Amino acid sequence: DQTQSGLEGDQATLGYAKIYAPRDGTVVTLDAREGQTLNANQTAPILMRIADLATMTVSTEVSEADVDRLEIGMPVYFSTLGNSDVRYDSTLRQVLPTPEVVNNVVLYTAEFDVANPGDALMSGMTAQVFFVVESAEDALSVPASAVKRGAGGQYVEVPAAKGRLEKRPVKTGVTDRVRVQITDGLAEGDTVVIGKVQAQTEDEPRRRGLF
């Protein structure tokens, strides 16, 4: 009976040497090597790290000035620093409520998941992330510098007869600060003025003393 009890105790101790992964995935780091002595009395030692590379989680920092514009489920896309020609699309999953302060700037962490076929994305990559607040498809747009504000609202200047300029009222939609969507007032192919060049007569350089 004593030998049997000792055998059962040894078998229970031997069972502690069996290590089961908590999930399927790929081993990305090895913190312990074969034959290395581990101290498991005080803290649970980390043997290895396993990651599911089929789906990657992207964590990006958003300043407090922009975080109020984020909504769960909104479209988001990004490209990696090493391959800016490939675009990955996803939707925002969560915004962590606890910020991080870097150089007196309050930054919140926004996270979303993206499929990783072929393991093209790897841990630690740098990504440039864009959140889609508004969008328009097949939109008519002009440079932002072409749209001006007046007493009657927004307008653009278009060429008129005898070299004059005509103010044409327009209605605008989505803008990215570079281009502005025109929803009414212009048609595709219309010419708009984005800057003025002062006309110069043929003999003006001579009057200025330039030859």
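The values are calculated or read from the model by the stated rules, or taken from the named source; none is laboratory data. Remember, predicted model here, so these are calculated numbers, not experimental data. All Cβ positions, glycine included, derive from the backbone under ideal geometry; neighbour counts span all protein chains shown.
When V142 is tested against (1) among the hydrophobic types (A, V, I, L, M, F, W, C); (2) out of contact with any Phe, Trp or Tyr (no Cβ under 8 Å at 6 or more places or on another chain); (3) not assigned by TED's automatic domain parsing to the domain that holds V174, just one condition goes unmet, and that condition is (3). Residues that are in contact (Cβ under 8 Å) with a residue 24 or more places away in the chain and more than 14 Å from L186 (Cβ to Cβ) within region 145-162 comprise just one, S145. The set of residues from region 167-211 being at pLDDT 50 or above and of a type in the set (K, R) comprises K167, R168, K171, R177, R179, K196. Scanning region 45-62 for residues that are out of contact with any Leu (no Cβ under 6 Å at 6 or more places or on another chain) and surrounded by 12 or more Cβ atoms within 10 Å (Cβ to Cβ) gives L47, R49, I50, A51, D52, L53, A54, T57, V58, T60, V62.
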